[in-house]
Amino acid sequence: MTDQLDRPAESTPAPAYGLGNSPLRTDALPKALGIYPYAADLWAEGLLWGAVLRSPHPHARIVSIDTSAALAIPGVHAVVTAADLPAQPVDGGTAPPSDRGAERPVLAADVVRHHGEPVAAVAADHPDTARLAAASILVEYQLLEPLTDPEQAFNGPALHPNGNLLRHLPLRHGDQEAVGEVVVEGLYQVGRQDPAPIGTEAGLAVPRPDGGVELHLSSTDPHGDRDRVAARLGLEPDRVRLVVTGVPGATADREELSFQVVLALLALRSGRPVKMVLTREESFQAHGGRRPALLRYRHHADAQGTLVKVEAQILLDGGAYADVSAEVLGAATAFAVGPYVCPNVAVDAWAVRTNNPPAGRMRGEGALQSCFAHESQMDLLAARLGLDPLEIRRRNAMTTGDSLPTGQAVTCPAPVGTLLEALDEVPLPALPLDDPDTPWLLPGGPGGAGDPAAVRRGIGYSVGMVHMLGAEGADEVSTATVRVSGDHATVICAAVDAGQGFATLARQIVQSVLGVSEVYVAPVDSDQSIAGPSARGRHTWVSGGAVEKAALMVRHQLLQPIAADFGMSVELLSIADGKITSYDGVLGMPVTEALEGKELWATAQCRPHPTEPLDEAGQGDAFVSIAFCAMRAVVDVDIELGAVRVVDVTVAQDVGRALNPGQIEDRIEAAVAHGVGAALLEDLRTTAGVPHDLSLTGYRLPTSLDTPEVRIATLVEERDVVATFGAKAVSAVPAVVAPAAVAAAVRAATNLPIGRLPIPPQDAVAG
Amino acid sequence: MLPTSLAEAVEALGTSPAAVPVAGGTDLMEAVNAGRLRPAALLGLGRITELRGWRYEDGGTAVLGAGLTLARMDRPDFAALIPALADAARTAGPPQTRNVGTLGGNIATAAPTGDTLPVLTALEAQVTLAGVGGTRDVPVSHLLTGLDPIRPGELLTWVRVPLLHAPQVFLKATGRSGPARATASVALVLDPARRGVRCAVGAVAPVPLRPLEAEAWVAGCIDWSARGEEGATPIDPAAAAAFGEYVATACVPDGYGADAASGLPPQGPTAAALALRRTVAVLARRALGRALK
């Protein structure tokens, strides 16, 4: 087999490396072959299997828990409930703001607040025994009325000692009395998209002789998870070690806290390694999804279509616990108007507590909900004024130096106009009716009920933005170590590559700075220095910056003695292909020789400039930088059945600098697929707080037949001077923009208002 | 248990009637793996090659093996024989499912969304059940409605489908382009010898429904002699549309999707009923149009 794999590599030229090229991920081949290990593949001698008992009710008081039946089952080694954990302050207490989920109990103690909330857990010597034992735990519930309508949260009974209002942000900007000549209003709804990672939650906990525990998890935030687990268990952080395993799909955060703590607790209680793999149904119950949103908008414009004022009310359903709802609400509010100039803005945004499934962090969470609303409003305004949808966006487009409704000046490149122009230049896909020979995949799919006579084509545009890095005063920092010895270099950085490609990027950075082609990226564990979570598109910036700094320090150490020997300054030397050369090419020396058998290493930190929280009027410099994207979607709609197929999506994106163009295109394609799912398919529906069908048959993810052809019109490379390499994060913003573009296209095809995401087929039935 | 012949399988099932026969296992094994089902024993049918094909019988009947896979039914030779069943098999799921999922499994599982079921109902297929005491034939609709269910110790072996040598159509609405469960499906077959139209609606009720009055009415609207002629219109488009409405109203009750717990008498059709009727009406109209083209 090795022979077969090696052969093609010999026949192809050595791949170009360094920044600006598109080398392949090192784990691409093992993943394609199915030999890449994930957490579910882990094994330890004598391991036990964990299982969790979850609440079947969305809201109930726990009267009593009787675990005796479970303990009596042969093969059961530990049964734990909330009573086995050190008491936590129910309101989250003095936990730092970075401790997401501070008020979420690991195991429900007195009240369950959502369907599927963990109540007890079991470790047994066989997975079936563990599940059986969990099911035999008797929990007596006193049912309480579930609060599932977020609009009722304000006046309904408090579901938690912290109240039902998770955050209210009343943003006021400019003249509140301003009125436009043209006014358009709309009401928009966004459903509950689930991250639905392709690998369910899985992990292995191994007790340590010192009373601590080692966790093997597909974590995307190793240090944060370690600290949170330690705090819940009442251990010092250094007693918990977290080893990151392969991550089988993550949209931002992954393993939910309760899963991690329960796993560790079962291992500590039983004194044996414990493995737990959630079923698909449990996985849906365990992780948080997108916040369903209700958005009410009123846009004022003058007769030329220039925005005068935007009024909005945004209501986010945060689920049972606060989690990151406050942060998400900040983004939804700040980006409520979109990438447009508007002098007068009034937004009232609320995130509220309900008994619905928990909410977490998804791509562009907050910004996506607002984008659907503000882009729908721009289309309404264009229709009212008889303007082209592109033209109204051009007239209001933001550029560098304009200010957000939060009063923050956009100092990074904001090439919104350029992006729109680029879209316009890409020809539209041919209409199959004009060319009968082209195969036409009708809405409804191959062999479906589609009828060409009932199919209408629609074209829609949208523009959107997301912020990068943590906002509103979050401390962003990452540390990396770079080591060179012999003919290769090693990067040690606790930034988890959850598939977004950071490991590839780290290799490219070191290759470019040190001219060494062989670069290894070490596996991540919590003994390394803190790099922070793989979320909000931050690793390219903070961890990439730390890797670059460390590599530059190593380069300096390497070149300084040689520069002294040659009698020239370090700046006059360059390294490429493992060779150090002087500026004139006269003097040269291989890197291995320069090292003289030594090992050089350096550690560096990157901390972008600080931000500030939004004040009580929603004003403040809350964001480090912002990325923009414009999109054109082309859809075919069967207007009798309401079936929609997205034919083509053309993307123009502001990337700052394309460090790995191949990887950027992949990320954009993935994000468009994610956005198409949010637009047409993905919705975890509930009745009275109970989800309908927790399976991948019931929860419909886009398949290859549902995803469109994705074309890149342009990647605008206007460097962001404060960012590492001038590059912007690329993964989130296309997911934010795509649902709005698809909705606009469906609207164009059907002449119907389209106010709900995902678009139910009956909303797209015309006539 | 892994019998290699039909006789062996029937005998094994006779001695241990609690054993659950498994063919493709696309529904059964998923339930076993998820812990929802713990059969006392499994009777693997994968090695019974005689059940994986089909043969002809006198009187224009095709006898299909219960182990015929959905993928096999999609192949051109089969599609020429029973086109609607091939259409249903093609849309029944992703290739992985169709490669192992079987016709017999689809009938035995009897899911409301089983795609072959409305086709078999419209074709008025018969199912052969084999037990130690002998075999018996049951109409597929009797089996699905529970009028004459599979008895303990009986194995579903053959499906007898009358060959009509006329156009037949299966259409399904799913709300996506990729494989998915039907929100509604319609199977429509023409029986020119008897000048009849037979139609069954799937996925809207626990079993496929036959709108018998609508069938009889539309059969009278069709100009049977004009069928298949160049440029002929065998049916008035308005009649085809009315047929769609007729089928939809017959198969979707007013109270569809209503909250039974509310206890209120239904005030006219619910919004869900109207939406589903519209879908069924469009499917039935299109199916008739394609069959008569």
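The table that follows gives values for the structure above.
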quantity	calculated
Protection proxy ranking, peptides A:26-33, A:399-406, average beta carbon neighbours within 10 Å, highest first	A:399-406, A:26-33
Label-zone membership for the range A:643-662, site A:GLN762, 7 angstrom Cα→C-beta point, backbone N under 15 Å	A:643
Förster radius 25 Å - calculated FRET efficiency between A:SER64 and A:ARG280 (Cβ-Cβ, nearest 0.05)	0.25
Pairwise centroid distance, computed over Cα atoms, of the range A:300-321 with the range A:592-650, Å	23 Å
Among A:545-551, A:380-386, the order from most to least packed when residues are scored by Cβ within 10 Å on average	A:545-551, A:380-386
Heavy atoms of A:TYR520: accessible area, 1.4 Å probe, square angstrom to 10	120 Å²
Helix-only CD estimate at 222 nm, as mean residue ellipticity for chain B, using -39500 (n - 2.57) per DSSP H run (n ≥ 4)	-10500 deg cm²/dmol
Cα centroid separation, the range A:145-171 to the range A:497-536 (Å)	42 Å
Cβ-Cβ FRET estimate between A:MET589 and A:VAL477, R0 fixed at 30 Å, reported to 0.05	0.25
Average partner coverage of B:275-282, which counts Cβ from other chains inside 10 Å	4
Among beta bridges that DSSP assigns inside the protein assembly as shown, antiparallel share in %, nearest 5	80 percent
Pair B:ALA7, B:THR233: separation of 7 Å Cα→Cβ label points (nm)	6.1 nm
Computed lengthening from A:ASP238 to A:ILE198, 0.36 nm per intervening residue step minus Cα-Cα distance	11.2 nm
Span-like helix ranges in chain A, DSSP H, alpha carbon extent 24 angstrom or more, Kyte mean at least -1.0	A:367-385, A:542-566, A:733-750
17 Å reach of a label modelled at A:GLN304, 7 Å along Cα-to-Cβ, counting backbone N of the range A:369-385	A:382, A:385
Area of A:ILE73 that stays accessible when all protein chains are in place (1.4 Å probe, Å², to 10)	30 Å²
Minimum 50 Å² accessible area buried by the other protein chains, the range B:169-198 residues, probe 1.4 Å, relative to alone	B:GLY175, B:ARG176, B:SER177, B:ARG181
20 Å reach of a label modelled at A:TRP440, 7 Å along Cα-to-Cβ, counting backbone N of the range A:728-755	A:745-751
Peptide B:85-98 - average C-beta neighbours from other chains (10 Å radius)	1
By accessible area with a 1.4 Å probe, ligands and nucleic acids excluded, highest first: order of A:TRP350, B:TRP217, A:TRP541	B:TRP217, A:TRP350, A:TRP541
Shielding score for A:756-762, defined as the mean number of other chain Cβ atoms within 10 Å	3
Equivalent-ellipsoid semi-axes of the range B:1-75, from the Cα gyration tensor, Å, largest first	25, 17, 9
Cα gyration tensor shape for the range B:50-162, rounded if a/c is under 1.5, else prolate or oblate	prolate
FRET efficiency for A:GLU709 and A:THR399, using Cβ-Cβ distance with R0 set to 22 Å, rounded to 0.05	0.10
By average C-beta atoms within 10 angstrom, highest first, the peptides A:589-597, A:333-341	A:333-341, A:589-597
Coordinate range along principal axes, alpha carbons of the protein assembly as shown, Å, largest first	102, 77, 69
Rounded to the nearest 10 Å², the accessible area of A:MET398 at probe 1.4 Å	0 Å²
Two-site label geometry, A:MET568 and A:VAL183: point separation in nm, points 7 Å out along Cα→Cβ	7.2 nm
Protein accessible area in the range A:436-497, 1.4 Å probe - carbon and sulfur %	52 percent
Inter-label distance, nm, simple model (7 Å from Cα along the C-beta direction), A:ALA453/B:GLU50	4.9 nm
Violating pairs (Cα-Cα greater than 27 angstrom) within the set A:LYS31/A:LYS275; A:LYS31/A:LYS549; A:LYS275/A:LYS728	A:LYS31/A:LYS549; A:LYS275/A:LYS728
Sum of -39500 (n - 2.57) over DSSP H runs of 4+, divided by residues of chain A (222 nm, nearest 500)	-7500 deg cm²/dmol
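The values are calculated or read from the model by the stated rules, or taken from the named source; none is laboratory data. Just so you know, these numbers come straight off a predicted model, no measurement behind them. All Cβ positions, even for glycine, are placed from backbone atoms using ideal geometry, and neighbour counts span all protein chains on display. Note: accessible area is taken over every heavy atom of the protein model, side chains too, but ligands, DNA and RNA are not part of it. Shrake-Rupley method; radii C 1.70, N 1.55, O 1.52, S 1.80 Å.
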